[in-house]
Amino acid sequence: MLARPSEAGLEFGLAVTPSGCLPKGASVPAVMPSDRERGLSGTELIGLGVFLAVAFVVPLIAGLVIDQVAHITPVGLLAGLVVGIASAAFGLRAQMRRYL
């Protein structure tokens, strides 16, 4: 579909160039919105959820295993919890940096 000049200068999502730059009737696609304007897609949100779950659960399970092996019941669990929360928070910040 070719673009035609309109009041806004764009029609059908295609950019209209000044006459003489392109062959008659040709047009170039409009610029896609930046990541900041576009937001997160569904697959990015699913990936972020999986990342947060793994970043939180893996250190927590490691802390429980340390508790069982070393017989220091609350220490490993609490340490795993703190490490899991910190890793999930820093990972989330790193992933969302382009949207901030």
(message) Could you check the stretch 46-76 and list, in sequence order, the residues that are surrounded by 11 or more Cβ atoms within 10 Å (Cβ to Cβ) and either touching a strand residue (DSSP E or B) at 6+ places or on another chain (Cβ under 9 Å) or within 16 Å of ALA89 (Cα to Cα) (or both)?
(response) GLY47, LEU48, PHE51, LEU52, ALA53, VAL54, ALA55, PHE56, VAL57, VAL58, PRO59, LEU60
(request) Determine whether the stretch 70-77 contains at least one residue that is touching an Asp or Glu at 6+ places or on another chain (Cβ under 6 Å), in a helix (DSSP H, G or I) and hydroxyl-bearing (Ser, Thr, Tyr). (result) yes
(message) List the residue pairs whose Cβ atoms are under 6 Å apart, where the first residue sits in the stretch 51-80 and is assigned by TED's automatic domain parsing to the domain that holds GLY91, the second is polar (S, T, N, Q) and surrounded by 15 or more Cβ atoms within 10 Å (Cβ to Cβ), and the two are 6 or more positions apart or on different chains.
(response) ALA55/SER87
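The values are calculated or read from the model by the stated rules, or taken from the named source; none is laboratory data. Since we're looking at a predicted model, the values are computed, not measured. We place every Cβ from the backbone using ideal geometry, glycine too, and count neighbours over all the protein chains shown.
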